[in-house]
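In what follows, a single structure is set out as structure tokens and then discussed.
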Amino acid sequence: GAVVSQHPSRVICKSGTSVKIECRSLDFQATTMFWYRQFPKQSLMLMATSNEGSKATYEQGVEKDKFLINHASLTLSTLTVTSAHPEDSSFYICSATGQGAVEQFFGPGTRLTVL
Amino acid sequence: AQSVTQPDIHITVSEGASLELRCNYSYGATPYLFWYVQSPGQGLQLLLKYFSGDTLVQGIKGFEAEFKRSQSSFNLRKPSVHWSDAAEYFCAVGRGDSSYKLIFGSGTRLLVRP
């Protein structure tokens, strides 16, 4: 199956700083990438959908200026959490699909802890 | 609006016993249906999917699921559970439009007794 990687796997930062998370499709071209947030013992919440070369589409209630998403190439999307606060601490998971595909391939997730 | 319901938050089974995890969906047309498994601190792994055709779908690790349109269900089954199957299981439905978005159920945590 297709492989999606995320970097870093864990990050700890101070309140007020910005953190960038990378999502890469290793063996296919990801025309669409999705970013999810998962709180402990809860399901995945879709934050935004990004298509290569265009602006991301954010779900209702997700702050665009706080969660900056860039999908500059067919293999890389980044999520930047700006001015992070402790309430942003969560598990962030990305997924990717190829052209015309329905199935999403998920990355291993990034654990963000904001002190 | 689409929705996915997994009525069981926790399920505990003995190793070697059979397993059925329930999933009900709400969607106007024929949905794309998925089951994913998540081990602690990990991403999601696809177990199986249903798009069309045969309503009994075989997946990896010995899992299968049956699409029942009349019951709006897509229950996951395994005839004999192994200790390594302990994990969180998510059912998801795809909207089937160009957005390719998935809607996830709340998950079922499977515990396996030795």
(request) State, as an integer percentage, the relative contact order of the range B:1-46 based on alpha-carbon contacts under 8 Å between residues 6 or more apart. (result) 36
(request) Could you compute the FRET efficiency for residue A:70 and residue A:42, with r as their C-beta to C-beta distance and R0 at 22 Å, rounded to 0.05? (result) 0.25
(message) If you build the convex hull over the alpha carbons only and average its shadow over all orientations, what do you get for the range B:9-61? Give it in nm² to one decimal.
(response) 5.2
(request) Provide the per-residue ³J(HN,Hα) series for the range A:4-13, in order, calculated from phi with Karplus coefficients 6.51, -1.76, 1.60 and θ = phi - 60°, each as a whole number of Hz, with x at glycine and proline positions. (result) 10, 10, 10, 9, x, 7, 9, 8, 10, 9
(message) Quick check on the protein assembly as shown: what does the Kirkwood estimate of hydrodynamic radius come out to from the alpha carbon pairs, in Å?
(response) 18.2
(message) Tell me whether the range B:33-114 comes out rounded, prolate or oblate; compute the Cα gyration tensor, take square roots of the eigenvalues as a ≥ b ≥ c, and use a/c under 1.5 as the rounded threshold.
(response) oblate
(request) In whole Hz, with x marking every Gly and Pro, tabulate ³J(HN,Hα) for the range B:62-72 from phi via Karplus 6.51 cos²θ - 1.76 cosθ + 1.60, θ = phi - 60°. (result) x, 8, 9, 9, 10, 8, 10, 4, 4, 9, 6
(message) Placing +1 on the Cβ of each Lys and Arg and -1 on the Cβ of each Asp and Glu in chain B, which of B:7, B:25, B:89 has its Cα farthest towards the positive end of the resulting dipole?
(response) B:25
(message) So with the 1.4 Å probe, I'd like the accessible area per residue for the protein assembly as shown, rounded to whole Å².
(response) 48
(request) May I ask you to derive the FRET efficiency for residue A:27 and residue B:70 from their Cβ-Cβ distance with R0 = 35 Å, giving the value to the nearest 0.05? (result) 0.35
(request) Give me the net charge of residue B:66's neighbourhood, meaning all other residues with Cβ under 12 Å from the Cβ of residue B:66; Lys, Arg count +1, Asp, Glu -1. (result) +1
(request) Name the residues whose placed amide hydrogens come within less than 5 Å of the amide hydrogen of residue B:47, ignoring near sequence neighbours (fewer than 5 apart) on the same chain. (result) B:35, B:36, B:37
(request) Consider just the alpha-carbon atoms of chain A and return their Rg together with their Dmax, both in angstrom. (result) 13.2, 41
(request) Note the full-extension length gain between residue A:55 and residue A:115 as 0.36 nm times their separation in residues minus their Cα-Cα distance, in nm to one decimal. (result) 18.6 nm
(request) Determine the gain in length on full extension of the stretch residue B:39-residue B:55; use 0.36 nm per residue of separation and subtract their C-alpha separation, reporting nm with one decimal. (result) 3.1 nm
(message) By the 4.7 Å beta carbon criterion, which cysteine residues of chain A come out unpaired?
(response) A:13
(request) Calculate the spin-label point distance for residue B:95 paired with residue B:11, positioning each point 7 Å from the Cα along the beta-carbon direction, and give it in nanometres. (result) 2.9
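The values are calculated or read from the model by the stated rules, or taken from the named source; none is laboratory data. Just so it is clear, the structure is predicted and the values come from calculations on it, not from any experiment. Counting neighbours? That spans all protein chains shown, and the Cβs are built from the backbone with ideal geometry, glycine included. All accessible areas refer to the heavy atoms of the entire protein, side chains included, with ligands and DNA or RNA removed. Shrake-Rupley method; radii C 1.70, N 1.55, O 1.52, S 1.80 Å.
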